[in-house]
1. At 20 °C and 1.002 mPa s, grab the translational diffusion coefficient of the stretch 340-390 from Stokes-Einstein with a Kirkwood Rh over Cα pairs, rounded to a whole number in µm² per second.
2. Once you have the alpha carbon radius of gyration of the stretch 279-373, what is it after dividing by 2.2 N^0.38 Å, with N set to its residue count?
3. Can you list residues from other chains, or at least 5 along the same chain, whose modelled amide H is less than 5 Å from the amide H of residue 370?
4. Would you grab the residues whose amide H sits under 5 Å from the one on residue 88? Only those 5+ places off in sequence or on another chain, please, with H modelled 1.01 Å from N.
5. Would you calculate a helix-derived [θ] at 222 nm for the chain, using -39,500 (n - 2.57) for each DSSP H run of n ≥ 4 and dividing by the full residue count, to the nearest 500?
6. Report the Cα centroid-to-centroid distance between the stretch 95-119 and the stretch 1-61 in angstrom, as an integer.
7. In whole percent, what relative contact order does the chain give with Cα contacts below 8 Å and a gap of six or more residues?
8. Starting from the Cα of residue 360, step 7 Å along the direction of its Cβ; do the same at residue 287; then give the gap between the two resulting points in nm.
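The values are calculated or read from the model by the stated rules, or taken from the named source; none is laboratory data. Note that the structure is a prediction, hence the values are computed from the model and not measured. Methodologically, a virtual Cβ is constructed for each residue, glycine included, from the backbone with ideal geometry; neighbour enumeration extends over all protein chains shown. When the accessible area is computed, the model is the full protein with side chains, heavy atoms only, and any ligands, DNA or RNA have been set aside. Shrake-Rupley method; radii C 1.70, N 1.55, O 1.52, S 1.80 Å.
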Amino acid sequence: MGIIVQKFGGTSVGNVERIRNTVDRIIEEKEKGHDVVVVVSAMGKTTDQLVGLANELSTYPAKREMDMLLSTGEQVTISLVAMALIDRGYDAVSYTGWQAGIITEPVHGNARITEIRTEKIKSRLATGQIVIVAGFQGITPEGEIATLGRGGSDTTAVALAAALHADRCLIYTDVTGVFTSDPRYIPNARKLKAVSYDEMLELASLGAGVLHARAVEFAKNADVPLIVCSSLEREEGTLIEEEVSVEKNLIVRGVAFEDGITRVTIFGLENGFRNLPDIFTTLAEHHIDVDIIIQNQTADHKTYLSFSIKDKDLKETADLLEAEKEALSIDHFETETGLAKVSIIGSGMVSNPGVAAKMFQVLADHGIAIKMISTSEIKVSTVVDAKEMVRAARCLHEAFELDAVEQNI
């Protein structure tokens, strides 16, 4: 018997009855003889409610204070789960992120885990205790609380599993596994029995909300067996592994989408490469994630540059470019909001030419204009109007016959 890490999302601990159900799942693993570490999110919509309170009081809430505020949500959950376990006769202890030894980089709101000091957790496991850890948070080397960004509890769980050399990490959610697309919007989406780390990483980073992208990155780097399953239904989940042994007939294995995308276009740059490092270095220093990048040259020997960002970063990006306009040799810039990203993902795309052409043809046939394109070996992403996002995803899901896949094959 070894160490099992279980992670329960906000829906799984959304009320007292669901906490009791979560405790049942924890006890099942403990009774099998495993050492159990549990990572939990804030209850239900707690994080959204806290964000709402902050926005009522401040137009642009200070990032440090937001981390102080949002980290309290998970602290409520860990104590309630520990109490429920103790009431059932099991020895349990709850830890915040910093108590659990989770060290992050000094970035508020979207920090990365840099180290996990496991001594305290291991000492508790050695005495037979169940350890409950607050997800989504850690502490910087300077002693400041930092959060890991939306979905960061997944990353906490997988990082702990890697640091503890756990046998496996179970991610419990409100869905029964990883689907070919979001079943809330794509009625014919089907559950996949298995998916590769690389495919899951693309799905997660391109809008599939079932797993945090950094969690998948941790799992791949540490070769952590990862299973996504339902906390409410007794049904086999989806295995995330290095090489997928089933469903190899699928060239495209998923369609992901997300709204809240902004296109930024910078005009008047001198031709050449001098400006590009400066622009993107400046954005990176302010922790602004840039996705799709397009560069074009004009007849008057000028360059214009377009890239996509999240809507939440728009104000900071605009303020930064305006402040650095002269230093970066920018003539002017424009922004376009109301956009969304729709992507197809599949490792089979590497050896099957024509997939991108088919995607573009399908969107053209349905009158959906493409504004930006990005490709890699296993994905093609397009930026479209947000109002066309779901229709585009449904068309692509049908065109690549993902709705014809037998569930759980």
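1. On the way: Rh = 11.2 Å.
After rounding, the answer is 191 µm²/s.
2. On the way: Rg = 16.6 Å, N = 95, 2.2 N^0.38 = 12.4 Å.
Ratio of Cα Rg to 2.2 N^0.38 Å: 1.34.
3. none
4. none
5. Values: 11 runs with 135 residues, N = 409.
Estimated from H runs of four or more residues: -10500 deg cm²/dmol.
6. The two parts, judged by their Cα centres, are 18 Å apart.
7. Working: 883 pairs, mean separation 57.2, N = 409.
This gives 14 percent for the chain.
8. Each label point is offset 7 Å from its Cα along the Cβ direction, giving 3.8 nm.
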